[in-house]
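Below is one structure; the comments refer to it alone.
The values are calculated or read from the model by the stated rules, or taken from the named source; none is laboratory data. The structure displayed is predicted, hence computed values, not measured ones. Every residue, glycine among them, receives a Cβ derived from its backbone with ideal geometry; neighbour counts consider all protein chains shown.
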Amino acid sequence: MELIDVKDYAQQIAEAIATVVKIDIEIADHHLIRIAGTGRYHKGVGQSMDREGYVHREVLRTGHQFIIETPGQHSICAPCKARGNCTEKYEVVSPINVDGKAVGAIGLICFTDDQAKLVEENQHSYLIFLTKMAETIALKLKEQAFLTGLVSANHYLNSIIDVLDEGLLTADLHGNILHYNQSAQRLFSANLLTSRSNLSDLFATQIVSDILGVGENAEEVVEREVHIETKKHRLQMVLRALPINGDDGVKSVAVILRPFDEISQIVTRLSQQNAGYTIEDILGDSEAMRELRKRAKVVAAGKSTVLIRGESGTGKEMLARAIHNLSPWKQGMFMAINCTAIPEALLESELFGYEEGAFTGARKGGKIGKIELANKGTLFLDEIGDMPLFLQAKILRVLQERQVERIGGITPTSVDIRVIAATHRNLEDMMNKGEFREDLYYRINVIPLVIKPLRDRKEDLTILCEHFIQFYNQQLGKNVQNLSDGFRQKLRDYMWPGNVRELQNILEYAMSLTEASTLTEEHLSPRLKQTEKYDDLDRFNLENLERATILRCLQSSEDSVRGKEKAAKALGIGMATLYRKLARYNIR
């Protein structure tokens, strides 16, 4: 039997595969004659590959699949004239075996970095797929005498859908199952999914009604969230139903099932803005910032809840993202919730989601909450001090039990999340006033990280200025290289109530006004030109006065527990209050 006898069929297979995977295909027989090809290989069909088909030759010799991640540099490519200048980026070749003998080889050839990356990331699936295609060609060759093209095409299509990770099944307009792939079979137990099954055996009545509804409209597509009970787990899936059109209208319905976790991972990979921050992006040469980076690296590897404290503009969310990207949850989503930005009436539904019909105006099919979206990732609760008391109790349950229950739901869903909270408020004072739950405070304050305000670490101004100048040189097309002495002095004299965010805005303002390479005082915003006024007002800041008073009192006492007791008595506060204020003001 010669592979060239089915060259037309092999060419059809090659074109079909290339159409599906968007990658060129090359098929050769055991004489290294190209019998099929797509793209740049199409013109070479019928010609010998003896001077270039070194990978195909190796596959024919060994009878095993072969992968070359660096074509043109691999040792097997040594005899090739194009070695070192090969246009191929990635190559996967599989033998076409008949009765244990390799009668040909089929290759999947990538010519772009994007194609190579896609195949490399899904290498296992492509190997299986290519094996199935090789088996299809071999079957056609072996059964050529009696198999029709329809049977071959059917086998080919079945091989494709069985390679898919998604569960796929089709049903007629009465809900009777017509076909299903292996992934769908793995989702349902054998007694539920058979050739005699109905959609009603697999899904709730409303879901079945929605699926069959697409049969009434050739343009209709339905997406629903469903839960499937397997022998081991309760899987959260996204169901998509589409009509299958015939010559005279919709004939059947296709149902695609995909794990929700998988979709979340895809969204995360595409959300490049969430992946950019590292611990080293937390800039600062001060001892406080060096210690913060060091501690954050250690904390990131653990599972404990982190509470980031700091004034507005110090970079709390940036630190949270850096911890996420260094943690075991970095492949999952970083879900940030600003408890201040979302109206109180909407915050609960945003966090926990809701079931269909949970309240007037609830969206059909319900809505998944941010906490569930963060599953296998990090949930960042920004400004948690502004969260309403009734939601604090629900968040506490999530932290304790790692379960979330939607509004109107009856079944809790388990979530595997890392929780990072942040606030600029004094949670201890809020607890004393009954504005913040004490049990939630101790649950989130497992590992506290404090970002000092910029006015207390002005030695960091230099590195921060260099960073923002470099950034805005690129963004604004400027060439600023220096800061005048007067400009630097104004920055040092200013008290920075807006912290790093305010510094960034000040530099953007200044660089927008200049065409020179040096920023001077004339480029400063008006509020920095009047630093004396801010300095004078700062003397009346109660927190600064309290911190300075505590420091002076401690410096007058011995460095011991007894000394702290005397200091607390002199200040007119208890020991517990003194320790809280020491932590709050970062006094060692």
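Listed conditions (1) within 13 Å of residue 27 (Cα to Cα); (2) free of Cβ contacts under 8 Å to residues at least 24 places away in the same chain are all met by residue 95, apart from (2). Restricting attention to region 231-239, does a residue exist that is modelled with pLDDT of 80 or more, in the same structural domain as residue 187 (by TED's automatic domain parsing) and in a strand (DSSP E or B)? Among the residues of region 231-239, at least one is modelled with pLDDT of 80 or more, in the same structural domain as residue 187 (by TED's automatic domain parsing) and in a strand (DSSP E or B), which makes the answer yes. Kindly indicate whether any position in region 413-425 is at pLDDT below 90, among the polar types (S, T, N, Q), on the phi < 0 side of the Ramachandran plot and in contact with a Pro (Cβ under 9 Å, 6 or more places away or on another chain). So far as region 413-425 goes, no, none of its residues is at pLDDT below 90, among the polar types (S, T, N, Q), on the phi < 0 side of the Ramachandran plot and in contact with a Pro (Cβ under 9 Å, 6 or more places away or on another chain).
Got at least one residue in region 138-154 being in the same structural domain as residue 46 (by TED's automatic domain parsing), at pLDDT 80 or above and farther than 19 Å from residue 16 by Cβ? No, there is no match, as no residue in region 138-154 is in the same structural domain as residue 46 (by TED's automatic domain parsing), at pLDDT 80 or above and farther than 19 Å from residue 16 by Cβ.
The test for being modelled with pLDDT of 90 or more, among the β-branched types (Val, Ile, Thr) and at negative phi holds for residue 500.
Of everything in region 505-536 that's in a helix (DSSP H, G or I) and loosely packed, with under 11 Cβ neighbours inside 10 Å, which residue is modelled with the lowest pLDDT?
From region 505-536, those in a helix (DSSP H, G or I) are 505-513, 521-523, 526-529, 531-536; that's our starting set.
Those left that are additionally loosely packed, with under 11 Cβ neighbours inside 10 Å: 526, 532-533, 536.
On the way: 526: 77, 532: 48, 533: 44, 536: 50.
My answer is 533.
For region 209-227, filtered to residues that are buried (at least 18 other Cβ atoms within 10 Å of the Cβ) and more than 24 Å from the chain's Cα centre (by Cα), the residue that is modelled with the lowest pLDDT is 215.
Got a sec? Which of 61, 34 is among the basic types (Lys, Arg), under 21 Å from residue 133 (Cα atoms) and crowded, with 18+ Cβ neighbours inside 10 Å? Let's see the steps before the verdict.
Numbers: 61 fails: crowded, with 18+ Cβ neighbours inside 10 Å.
Being among the basic types (Lys, Arg), under 21 Å from residue 133 (Cα atoms) and crowded, with 18+ Cβ neighbours inside 10 Å holds for just one of 61, 34, which is 34.
Can you find a residue in region 542-552 that is polar (S, T, N, Q), outside any helix (DSSP H, G or I) and either modelled with pLDDT of 80 or more or on the phi < 0 side of the Ramachandran plot (or both)?
As a first pass, look at region 542-552 and keep what is polar (S, T, N, Q): 544, 549.
If we keep only those that are outside any helix (DSSP H, G or I) as well, we get none.
No, region 542-552 has no match at all.
Close Cβ contacts (under 9 Å, 6 or more residues apart or on different chains) running from residues in region 492-504 that are acidic (Asp, Glu) to residues that are assigned to a loop (DSSP other than H, G, I, E, B) comprise 502/313; 502/494; 502/496. Residue pairs whose Cβ atoms lie under 6 Å apart, separated by 6 or more positions or on different chains, with the first residue in region 407-422 and under 16 Å from residue 387 (Cβ atoms) and the second assigned to a loop (DSSP other than H, G, I, E, B), are 419/305. Of the numbered conditions (1) part of a helix (DSSP H, G or I); (2) over 26 Å from residue 381 (Cα atoms); (3) out of contact with any Asp or Glu (no Cβ under 9 Å at 6 or more places or on another chain), residue 430 satisfies every one except a single condition; which is it? Going through (1) part of a helix (DSSP H, G or I); (2) over 26 Å from residue 381 (Cα atoms); (3) out of contact with any Asp or Glu (no Cβ under 9 Å at 6 or more places or on another chain) one by one, residue 430 breaks only (2).
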